[in-house]
């Protein structure tokens, strides 16, 4: 079947926060061609929400409309050399697939949770690399034009943790992504301990796979595993401030980490005492202040309340507004 439909579908197991929530209806779509039929269903009338692996979303309540899960899979090398992957392919597994076949470029993005389809929405980035460098096209269903479309990299309007898919959040449903990946590329090693990790591994001349191994080791050590404790990775973006604000903050807090006006959200949260802080089962990780965690039975509303408290205290102390990375429902 091109799609299946489930009423009153539980969503806790479909998100990495694992908070209790239900969808009035859940449609699992296995063929991009079925998208118009699914979106025309009467169950879609109250609203539509697209959900992949749920690694970038926090439900604070049930969803009264139709949740669409694009279960579109498959990886292929196209005639022009681009690599195309379906939206439902696991991101980390796809990174490893490319490395095993001699491609470079995605190694610094290893172990980021989520799907291929979610990657361009967030313009994922880590350890000195951002996705936009390697995307050649994104295939999607355009709910405004009611047609399948292909967006070039420029049309995706990528920026820091942003894209046209976030700016026009309810317009596009990503079905596949095409990547232009080099066979050889100078490794990106000058970020957050990558060189030290490679040295600890005894690697002097790292291959892309070596870099991915180092990044994976770093991430596993620094960040809590969503399989063990509910979380969505970094909950807040690193804020970017104007030059005047950057100068003011540097003068008032000379020890504050800063890169061209970009601040460390983790540092800001630590200074406000949120690293390891808990309110019942809602908390911030003891390993990394940027990671909001569900220690067991926290609700989405409880997690969001703690996150908002952290926003307020950072704003009061530093005059900086933190913005969530995940979508909050």
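The values are calculated or read from the model by the stated rules, or taken from the named source; none is laboratory data. These figures come from a predicted structure and were not determined experimentally. Methodologically, a virtual Cβ is constructed for each residue, glycine included, from the backbone with ideal geometry; neighbour enumeration extends over all protein chains shown.
Look through 126, 192, 214, 140 and report the one residue that is within 19 Å of residue 53 (Cβ to Cβ), out of contact with any strand residue (DSSP E or B) (no Cβ under 8 Å at 6 or more places or on another chain) and in contact (Cβ under 8 Å) with a residue 12 or more places away in the chain. Outline the logic, then answer.
On the way: 192 fails: within 19 Å of residue 53 (Cβ to Cβ); 214 fails: within 19 Å of residue 53 (Cβ to Cβ); 140 fails: out of contact with any strand residue (DSSP E or B) (no Cβ under 8 Å at 6 or more places or on another chain).
The conditions single out 126.
Within the range 254-273, one or more residues are under 16 Å from residue 313 (Cβ atoms), at pLDDT 90 or above and exposed (fewer than 15 other Cβ atoms within 10 Å of the Cβ).
Quick check on the range 83-97. Is at least one of its residues closer than 22 Å to residue 301 by Cβ, touching a helix residue (DSSP H, G or I) at 6+ places or on another chain (Cβ under 9 Å) and either crowded, with 22+ Cβ neighbours inside 10 Å or modelled with pLDDT of 95 or more (or both)?
Narrowing the range 83-97 to residues closer than 22 Å to residue 301 by Cβ: none.
No; the residues of the range 83-97 include none that is closer than 22 Å to residue 301 by Cβ, touching a helix residue (DSSP H, G or I) at 6+ places or on another chain (Cβ under 9 Å) and either crowded, with 22+ Cβ neighbours inside 10 Å or modelled with pLDDT of 95 or more (or both).
Do we find a residue being farther than 22 Å from residue 103 by Cα and in a loop (DSSP other than H, G, I, E, B) anywhere in the range 217-224? Yes, some residue in the range 217-224 is farther than 22 Å from residue 103 by Cα and in a loop (DSSP other than H, G, I, E, B). Given the criteria more than 22 Å from the chain's Cα centre (by Cα), surrounded by 15 or more Cβ atoms within 10 Å (Cβ to Cβ), within 17 Å of residue 130 (Cβ to Cβ) and touching a residue at least 24 places away in the same chain (Cβ under 8 Å), does residue 182 qualify? Against the criterion (more than 22 Å from the chain's Cα centre (by Cα), surrounded by 15 or more Cβ atoms within 10 Å (Cβ to Cβ), within 17 Å of residue 130 (Cβ to Cβ) and touching a residue at least 24 places away in the same chain (Cβ under 8 Å)), residue 182 does not qualify. Scanning the range 10-40 for residues that are within 23 Å of the chain's Cα centre (by Cα), in a strand (DSSP E or B) and surrounded by fewer than 24 Cβ atoms within 10 Å (Cβ to Cβ) yields 10, 22, 26, 28. In this structure, residue 60 does satisfy being within 27 Å of residue 24 (Cβ to Cβ) and in contact with a helix residue (DSSP H, G or I) (Cβ under 6 Å, 6 or more places away or on another chain).
Just to be sure, is residue 60 over 18 Å from the mean Cα position of the chain (by Cα) and not in a loop (DSSP other than H, G, I, E, B)? Judged against the criteria, residue 60 is not a match. Residues in the range 281-299 that are out of contact with any helix residue (DSSP H, G or I) (no Cβ under 8 Å at 6 or more places or on another chain) and surrounded by fewer than 24 Cβ atoms within 10 Å (Cβ to Cβ) were compared, and the one that is farthest from residue 234 (Cα to Cα) is 297.
Between 306, 269, 292, which is without any contact (Cβ under 8 Å) to a residue 60 or more places away in the chain, under 20 Å from residue 55 (Cβ atoms) and not in a loop (DSSP other than H, G, I, E, B)? Give the steps one after another, and end with the answer.
Working: 269 fails: under 20 Å from residue 55 (Cβ atoms); 292 fails: without any contact (Cβ under 8 Å) to a residue 60 or more places away in the chain.
Result of the check over 306, 269, 292: 306.
Would you check if residue 152 is over 30 Å from residue 264 (Cβ atoms), buried (at least 17 other Cβ atoms within 10 Å of the Cβ) and modelled with pLDDT of 95 or more? Explain how you work it out, then say what you get.
Details: over 30 Å from residue 264 (Cβ atoms): yes; buried (at least 17 other Cβ atoms within 10 Å of the Cβ): no; modelled with pLDDT of 95 or more: yes.
Spelling it out, it is not the case that residue 152 is over 30 Å from residue 264 (Cβ atoms), buried (at least 17 other Cβ atoms within 10 Å of the Cβ) and modelled with pLDDT of 95 or more.
Once the range 143-163 is narrowed to residues that are out of contact with any strand residue (DSSP E or B) (no Cβ under 8 Å at 6 or more places or on another chain) and in contact (Cβ under 8 Å) with a residue 24 or more places away in the chain, the residue that is farthest from residue 80 (Cα to Cα) is 144.
Going by the conditions given, is residue 104 assigned by TED's automatic domain parsing to the domain that holds residue 133, crowded, with 23+ Cβ neighbours inside 10 Å, farther than 25 Å from residue 229 by Cα and under 23 Å from the mean Cα position of the chain (by Cα)? Even if it seems obvious, please write down each step before you answer.
Working: assigned by TED's automatic domain parsing to the domain that holds residue 133: yes; crowded, with 23+ Cβ neighbours inside 10 Å: no; farther than 25 Å from residue 229 by Cα: yes; under 23 Å from the mean Cα position of the chain (by Cα): yes.
No.
A count restricted to the range 225-260 and to residues that are within 30 Å of residue 199 (Cβ to Cβ), part of a loop (DSSP other than H, G, I, E, B) and within 19 Å of the chain's Cα centre (by Cα) stands at 6.
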